[in-house]
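This report refers to the structure that appears directly beneath it.
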Amino acid sequence: SIGLDWSSIHGLRTFFVPSDNKAIKELDFGNNVEWSPDGKPFLVYNDQLVYATVYRGRSTYWEIHSCDHNGSSDALIGSGYIVGGVPTTGPVVLLGVIDKCVYFSAIHQEGENRWVEVFALPIDGKGEATSILRTAPARGSSSNVCLVDDQFYTVERNELVRYDLDGLIEAQDIPDAVEPTRV
């Protein structure tokens, strides 16, 4: 059967639509899954699609999966709750995969305090998501964080701020130990 082929054009991973232009449904996520309206719906890592699903409720329940590019192998990498998270559509945004960890951001709220939190999750499914960064204040979108070449960029109080990933990981047990760099 004709499937979707992987190819690389100018360094970008893309799908080629088969010549007969017939769409092929790979995975059915069901009606209770919400997608992030302002982030990537999936990432590509070692010929796997890595995707996040979010289930709407009083607290945000998320799952991150990986599957092969014909949908035949679907594995759960991790899942959990954003405690007190704002129950909006798809607040989890995938940021990237570096050193066998997938990074994602989510809106977090406790009372009137609201921020964006960045999590690291081992992509082999053998660990739990660890919070490595909180940015404040959140302006209503978990996509205000961007991961580029081992560095996180975010906007905090109208300033563009850069965090080095190595520093965040080394300091994750020491609150506020990382001094951001103003760009």
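Residues whose amide H falls under 5 Å from that of Ile77, counting only those 5 or more places apart or on a different chain, are Ile64, His65, Ser66, with hydrogens built in the peptide plane.
Here the 3J(HN,Hα) profile of the stretch 120-135, calculated from phi with Karplus coefficients 6.51, -1.76 and 1.60 at θ = phi - 60°, is 10, 9, x, 6, 7, x, 9, x, 9, 5, 10, 6, 10, 7, 10, 10 Hz, Gly and Pro shown as x. The solvent-accessible area of Ser59, taken with every protein chain present and a 1.4 Å probe, is close to 40 Å².
Here the 3J(HN,Hα) profile of the stretch 109-116, calculated from phi with Karplus coefficients 6.51, -1.76 and 1.60 at θ = phi - 60°, is 8, 10, x, 8, 7, 9, 8, 9 Hz, Gly and Pro shown as x. Ordering 144-154, 93-103 by mean Cβ neighbour count within 10 Å, with the highest value first, yields 93-103, 144-154.
One chain, two ends: Ile98 and Lys126. Fully extended at 0.36 nm per residue, the span grows by 8.5 nm beyond their Cα-Cα distance.
The values are calculated or read from the model by the stated rules, or taken from the named source; none is laboratory data. All values reported here derive from a predicted model rather than from experimental measurement. Here the Cβ is made from the backbone with ideal geometry for all residues, glycine too, and neighbour counts use every protein chain on show. Calculation scope for accessible area: heavy atoms of the full protein, side chains included, ligands and nucleic acids excluded. Shrake-Rupley method; radii C 1.70, N 1.55, O 1.52, S 1.80 Å.
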